[in-house]
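Below: one structure, written as structure tokens.
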């Protein structure tokens with residue numbers, strides 16, 4: 001039976017309608033693929049608490065959990081990944097690539113141009129779709 005890993009990611013938008021995208025460091029398992037910043041949920045921890053903790057640990061800034069945006073399960077060769085992605089707002093500080101090779105702010109309409117991890121692709125598509133509907137209103 002494959003190990004199930006629960007992780008949480010953050011959609012952090014700035015005032016220019018850009019989303020923070022992160023490229024994991026070379027020593028992480030999915031380096032070279034973009035993802036929403038975040039990390040593993042500890043046993044007994046809820047996603048709301050986990051995302052605030054992980055962003056503080058990995059980006060050296062503080063976010064506020066706003067709402068759950070998506071949930072995806074993806075089966076890799078050796079494990080199953082359950083990813084919950086939350087909309088978060090930046091409360092204090094600016095994101096620094098402490099545990100990431102690179103961070104970029106990218107307009108939502110361009111985020112599909114990055115090479116995303118398989119688990120994040122459904123969230124990327126949903127975010128782009130919601131943004132395009134919002135732009136038409």
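The values are calculated or read from the model by the stated rules, or taken from the named source; none is laboratory data. Everything numeric in this text was worked out from a predicted model, so none of it was measured. Heads up, the Cβs are rebuilt from the backbone with ideal geometry, glycines too, and the neighbour counts pull from every protein chain shown.
Output the residue which, of all residues in the stretch 42-71 that are free of Cβ contacts under 8 Å to residues at least 12 places away in the same chain and under 14 Å from the mean Cα position of the chain (by Cα), is farthest from residue 94 (Cα to Cα).
53
Identify the single condition in (1) over 17 Å from residue 8 (Cα atoms); (2) more than 12 Å from the chain's Cα centre (by Cα) that residue 79 does not satisfy, given that it satisfies every other one.
So residue 79 meets the others, but not (1).
I need the full set of residues from the stretch 1-12 which are at pLDDT below 95 and touching a strand residue (DSSP E or B) at 6+ places or on another chain (Cβ under 9 Å), in order please.
Correct list: 2 only.
One line per residue, one yes/no per condition, for (1) in contact with a helix residue (DSSP H, G or I) (Cβ under 7 Å, 6 or more places away or on another chain); (2) within 26 Å of residue 74 (Cα to Cα); (3) modelled with pLDDT of 95 or more:
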{"position": "91", "(1), (2), (3)": "no, no, yes"}
{"position": "99", "(1), (2), (3)": "yes, yes, no"}
{"position": "104", "(1), (2), (3)": "no, yes, yes"}
{"position": "116", "(1), (2), (3)": "yes, yes, yes"}
{"position": "127", "(1), (2), (3)": "yes, yes, yes"}
{"position": "137", "(1), (2), (3)": "no, no, no"}
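I'd like the residue in the stretch 98-120 that is closer than 22 Å to residue 5 by Cα and under 13 Å from the mean Cα position of the chain (by Cα) and, out of all such residues, is surrounded by the fewest Cβ atoms within 10 Å (Cβ to Cβ).
118
Residues being over 16 Å from residue 56 (Cα atoms) and either at pLDDT 95 or above or out of contact with any strand residue (DSSP E or B) (no Cβ under 8 Å at 6 or more places or on another chain) (or both): count how many of those fall in the stretch 24-38.
5
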